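**Student:** One structure follows; several queries about it will come next.
The values are calculated or read from the model by the stated rules, or taken from the named source; none is laboratory data. Here the structure is a predicted model, which means the values were calculated and not measured. Cβ: placed from backbone, ideal geometry, glycine included. Neighbour counts: every protein chain shown. Only protein heavy atoms, including side chains, enter the accessible area calculation; ligands, DNA and RNA are left aside. Shrake-Rupley method; radii C 1.70, N 1.55, O 1.52, S 1.80 Å.
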There are 2 protein chains.
Amino acid sequence: MKNKPMTGDELLALFEALANPHRLRIIAILADGKQYVSQLAREAEMSRPLLYMHLQKMEKAGIVKTEMKISEDGKAMKFYELLPFEFRITPELIREAAKTLTIKKKEGK
Amino acid sequence: MKNKPMTGDELLALFEALANPHRLRIIAILADGKQYVSQLAREAEMSRPLLYMHLQKMEKAGIVKTEMKISEDGKAMKFYELLPFEFRITPELIREAAKTLTIKKKEGK
DNA sequence: AACACCAGTAATATATTTATTACAGGTGAT
DNA sequence: ATCACCTGTAATAAATATATTACTGGTGTT
């Protein structure tokens with residue numbers, strides 16, 4: 001399975017999603033398996049609202065996916081799961097992706 | 001030559017350096033060869049002070065290096081050059097690097 | 001001298017990201 | 001009813017990143 005080329009904007013969103021220490025730690029936690037939001041907040045030692053903000057940025061970048069589950073005792077639980085990825089980053093790859101950059105910061109947000 | 005493992009802080013600095021559309025375009029330009037600051041500013045269509053800010057962030061992340069030259073007609077010129085790199089990014093790699101993250105944002109700046 | 005290049009930086013303004021606080025509403029158990 | 005869990009978000013504050021403006025000073029040429 002070959003790496004299909006990313007657009008500049010996709011590549012940028014990926015880097016933005018990875019450019020934060022808390023998000024790297026979230027990835028580290030999720031690398032051990034999917035987890036629900038409240039538990040993830042405890043493990044990452046941050047508030048749920050803040051965690052949501054980080055997770056949404058990661059979701060937009062396409063490195064995590066989410067899924068609702070109803071636990072045995074009837075509680076709604078939202079699980080986040082890491083999408084397996086393997087990116088190869090080189091100057092040449094960035095040069096190609098840069099051609100499709102729309103540049104402007106934050107639009108569709 | 002094998003990829004020596006990066007510390008969490010180094011990896012974070014790398015992602016931060018890549019998480020900006022202008023810096024990706026600067027990389028794209030430098031991928032064609034070293035360039036001096038004023039010319040680079042013209043090609044990237046940005047002011048020199050702004051370009052300096054971006055280049056310094058990239059330099060700290062270790063993806064560019066700089067070198068002063070005296071042109072034939074005696075002018076001092078500062079060239080920036082891309083350091084060849086090839087990074088493989090996977091969840092496992094991030095999990096390992098996250099162990100050495102110092103987390104706090106901006107200290108030694 | 002005035003011009004066209006070159007490098008460099010300090011001070012400031014603007015925009016964005018990150019973080020917190022304060023909510024609302026659901027389930028099941030005591 | 002109260003408690004201990006769960007999800008979710010709006011409003012705001014605080015911290016950083018990005019961008020601009022206004023400078024200083026160098027070279028060689030006209």
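**Student:** Give the range B:38-65 a look and list any residue that's in contact with a strand residue (DSSP E or B) (Cβ under 6 Å, 6 or more places away or on another chain) and over 15 Å from residue B:23 (Cβ atoms), or say none.
**Tutor:** Across the range B:38-65, the qualifying residue is only B:65.
**Student:** Additional query: Would you point out the residue of the range B:52-67, among those that are part of a helix (DSSP H, G or I) and of a type outside the set (Asp, Glu), that is most open to solvent (accessible area, probe 1.4 Å)?
**Tutor:** Quick first cut of the range B:52-67, residues part of a helix (DSSP H, G or I) only: B:52-60.
So of that shortlist, the ones also of a type outside the set (Asp, Glu) come out as B:52-58, B:60.
Values: B:52: 68, B:53: 85, B:54: 7, B:55: 0, B:56: 92, B:57: 88, B:58: 0, B:60: 138 Å².
Within the range B:52-67, the match that is most open to solvent (accessible area, probe 1.4 Å) is B:60.
**Student:** Hey, another quick one. With the requirement that a residue be open to solvent by 40 Å² or more (accessible area, probe 1.4 Å), assigned to a loop (DSSP other than H, G, I, E, B) and over 21 Å from residue A:99 (Cα atoms), what does the range A:3-43 give you?
**Tutor:** So in the range A:3-43, the residues open to solvent by 40 Å² or more (accessible area, probe 1.4 Å) come out as A:3-7, A:9-10, A:16, A:22, A:25, A:32, A:34, A:36, A:38-39, A:42-43.
Adding the requirement that they be assigned to a loop (DSSP other than H, G, I, E, B) leaves A:3-7, A:32, A:34.
A:32, A:34, listed by residue number.
**Student:** Right, another one. Is it true that some residue in the range B:87-101 is within 16 Å of the chain's Cα centre (by Cα) and under 20 Å from residue A:24 (Cβ atoms)? Break it down stepwise before answering.
**Tutor:** Step one: list which residues in the range B:87-101 are within 16 Å of the chain's Cα centre (by Cα), which gives B:87.
Filter once more, keeping what is under 20 Å from residue A:24 (Cβ atoms): B:87.
Yes - at least one qualifying residue is present in the range B:87-101.
**Student:** Inspect all residues belonging to the range B:86-96 and state whether any of them is among the basic types (Lys, Arg), farther than 23 Å from residue A:19 by Cα and either away from chain A (no Cβ under 14 Å) or assigned to a helix (DSSP H, G or I) (or both). Explain how you work it out, then say what you get.
**Tutor:** Initial filter on the range B:86-96 (among the basic types (Lys, Arg)): B:88, B:95.
So of that shortlist, the ones also farther than 23 Å from residue A:19 by Cα come out as none.
No, there is no match, as no residue in the range B:86-96 is among the basic types (Lys, Arg), farther than 23 Å from residue A:19 by Cα and either away from chain A (no Cβ under 14 Å) or assigned to a helix (DSSP H, G or I) (or both).
**Student:** Report whether or not residue A:101 is under 24 Å from residue B:83 (Cα atoms) and away from DNA strand C (no atom under 13 Å from the Cβ).
**Tutor:** On the way: under 24 Å from residue B:83 (Cα atoms): yes; away from DNA strand C (no atom under 13 Å from the Cβ): yes.
Taking the combined requirement at face value, the residue satisfies it.
**Student:** Considering every residue within the range A:76-83, establish whether at least one is touching a helix residue (DSSP H, G or I) at 6+ places or on another chain (Cβ under 9 Å), modelled with pLDDT of 95 or more, near DNA strand C (Cβ under 10 Å from one of its atoms) and closer than 30 Å to residue B:28 by Cβ.
**Tutor:** Taking every residue of the range A:76-83 in turn, none turns out to be touching a helix residue (DSSP H, G or I) at 6+ places or on another chain (Cβ under 9 Å), modelled with pLDDT of 95 or more, near DNA strand C (Cβ under 10 Å from one of its atoms) and closer than 30 Å to residue B:28 by Cβ.
**Student:** Please work out if residue A:91 is out of contact with any Cys (no Cβ under 9 Å at 6 or more places or on another chain) and loosely packed, with under 13 Cβ neighbours inside 10 Å. If you could, list the steps in order and put the result at the bottom.
**Tutor:** On the way: out of contact with any Cys (no Cβ under 9 Å at 6 or more places or on another chain): yes; loosely packed, with under 13 Cβ neighbours inside 10 Å: no.
In short, no.
**Student:** Quickly run through the range A:59-74 and pick out the residues that are among the basic types (Lys, Arg) and closer than 16 Å to residue A:34 by Cβ. Spell out how you get there, then give the answer.
**Tutor:** Quick first cut of the range A:59-74, residues among the basic types (Lys, Arg) only: A:60, A:65, A:69.
Scanning the range A:59-74 gives A:65, A:69.
**Student:** For the structure I just gave you, tell me whether residue B:18 is at pLDDT 95 or above and within 26 Å of residue A:26 (Cα to Cα). Give the derivation first.
**Tutor:** Details: at pLDDT 95 or above: yes; within 26 Å of residue A:26 (Cα to Cα): yes.
Judged against the criteria, residue B:18 is a match.
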